Structure formats: C-alpha cells, structure tokens
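Down below is the structure, laid out as structure tokens.
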Amino acid sequence: MEEIRRAAGAYYENLPDEEKRNARFSFNEMDKNKDGKINLDEYVAYLKKDNNTVLPSLFTELDKDGNGTLDFDEAIVLYYIMQSGRAIICQSCKTFLAGAYFTCSQCFFNDDDSVSTFDVCCDCYGGKKFRHNDGHIFCDNYTLLCRSRSATQAAPIQKRTKVLNILKKGLQVAGITSSDLEGISTDIGDGIGDGEGSSKSNCSIM
Ligand SMILES: [Ca+2]
Ligand SMILES: [Ca+2]
Ligand SMILES: [Zn+2]
Ligand SMILES: [Zn+2]
C-alpha cells in the first residue's frame with residue numbers, strides 16, 4: 001500500500017491545476033456532512049453511487065493514521081486508484097491488489113469484450129487457491145507491462161491498432177495510466193520494428 005500511496009502523491013503533484021480542482025471537488029462531493037473528512041459511511045455511499053466494488057478493508061488501508069476518517073491526503077490515494085484504473089481485486093480472496101499480482105495473459109489479450117481479465121494476488125496464485133481455465137498462462141503485472149510493449153512493437157503495422165485497442169481495454173490490469181499508453185502509441189508512430197517478429201514469452205498475444 002505504501003508504494004501506491006507514494007505514487008498517488010507524485011501523481012497529484014503533477015496534475016494540472018484544473019484536475020487538482022476536480023480532485024478537491026470529488027473529495028467535497030464524498031464529504032456529505034461537510035466536516036472536512038470522509039467517514040466509512042460516506043466512502044461506501046460514494047463508491048456505491050457509481051457501482052464500484054466496495055471494499056471496507058480498503059478504507060482501513062487508506063486511513064493511514066488510523067483515526068477512522070480520511071483527510072484529503074489520504075483520500076487522494078483513493079482518487080488515484082479510481083482515476084488510474086488501479087482498482088483491481090483478487091478474483092479469489094477479493095482483496096485489493098496494491099502491489100505485484102498475477103493475471104491470465106490469454107484473458108488479458110482476448111479481444112472479445114465478454115471476456116474480462118482474471119487477476120489473482122501472489123498468495124492465491126502461489127498457493128494455487130483459485131480456479132481458472134486449464135492451460136491459461138499467468139504472468140505478473142510488471143512482466144505484462146513489458147510484454148505489452150514488445151507485443152505492440154512486434155505486431156505488423158496493420159495489426160497494431162487492434163493490439164492497442166486490446167491494451168486500452170486491459171489498461172487497468174497492468175495499472176498503466178493513459179499517459180503511459182500514449183507513450184506506446186508514439187513509439188508506433190516512429191515505425192520501430194515493423195517486422196514479423198513475435199514475442200517469445202509466456203505472455204505473448206495468442
Ligand atoms: Ca464527512
Ligand atoms: Ca485518517
Ligand atoms: Zn487472493
Ligand atoms: Zn484466462
């Protein structure tokens with residue numbers, strides 16, 4: 001959680017003023033009784049409003065000083081998690097995935113919208129405490145991010161738009177922000193590696 005907290009702080013510092021105001025606006029919106037802090041009820045009500053998964057355990061983790069409410073600095077971490085699509089949950093034990101985790105590469109790169117990503121925490125993955133399709137191969141989220149880049153670069157030009165669209169759909173799985181993806185798009189524009197190469201990894205595109 002500490003890592004995400006640091007990322008959230010850095011993210012907020014780099015936001016344009018207008019988006020900083022948006023973050024403040026979201027906070028005020030969440031703060032129904034206008035006492036300047038978010039209690040558990042306000043947190044739950046806010047997430048339910050947009051049909052988000054409500055994890056009371058996440059509230060406890062967000063509440064760094066443990067006083068039972070979230071001040072603005074603590075709530076900014078939630079804002080970051082929501083904005084960056086980082087709200088990923090273990091499909092087995094339902095905990096919030098704050099750090100490294102494993103995801104099914106077949107499901108991730110599947111371009112059928114009815115197939116969602118399948119993510120599990122390291123404990124559930126290591127302890128084989130999950131059920132999933134036989135033969136599907138998992139890789140960790142950091143590996144996936146690297147493989148996504150090489151997969152995009154290795155794809156023939158006409159296929160790249162498709163690959164990028166798949167990546168956009170699965171953006172949240174790797175915890176990539178949209179600005180990261182713009183970086184990938186730019187590289188494509190440079191026309192790097194337009195050969196027929198294929199990624200020789202467990203996480204290659206099927
Ligand atoms: Ca309040
Ligand atoms: Ca607090
Ligand atoms: Zn788990
Ligand atoms: Zn799968």
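The values are calculated or read from the model by the stated rules, or taken from the named source; none is laboratory data. Remember, predicted model here, so these are calculated numbers, not experimental data. Here the Cβ positions follow ideal geometry from the backbone for every residue, glycine too, while neighbour counts run over all protein chains shown. Heads up: the accessible areas ignore ligands, DNA and RNA and are worked out on the full protein's heavy atoms, side chains in. Shrake-Rupley method; radii C 1.70, N 1.55, O 1.52, S 1.80 Å.
Computed extension length for Val44-Arg6: 11.3 nm, one decimal, from 0.36 nm per residue of separation with the Cα-Cα distance subtracted. Converting phi to 3J(HN,Hα) with the Karplus coefficients 6.51, -1.76 and 1.60 and the offset θ = phi - 60°, segment 85-93 yields x, 8, 7, 10, 10, 4, 6, 9, 9 Hz in sequence order, with x at every glycine or proline.
Normalised by 2.2 N^0.38 Å, with N the number of residues, the alpha-carbon radius of gyration of segment 1-54 equals 1.26. Taking segment 24-108 on its own, what percent of its Cα-Cα pair distances exceed 21 Å? Cα-Cα pairs in segment 24-108 separated by more than 21 Å: 29 percent.
Pull out the extension gain between Asp73 and Val54, defined as 0.36 nm times the separation in residues minus the alpha carbon to alpha carbon distance; nm, one decimal.
In short, 4.8 nm is gained.
Semi-axes of the equivalent ellipsoid for segment 64-165, please: Cα gyration tensor eigenvalues, times 5, square-rooted, ordered largest first, whole Å.
29, 20, 11
Take segment 1-105 with all the other protein chains still there, run a 1.4 Å probe, and you get 54 Å² of accessible area per residue. Cβ-Cβ distance of Asn28 and Ile157, R₀ of 41 Å, FRET efficiency by 1/(1 + (r/R0)^6): the value works out to about 0.30.
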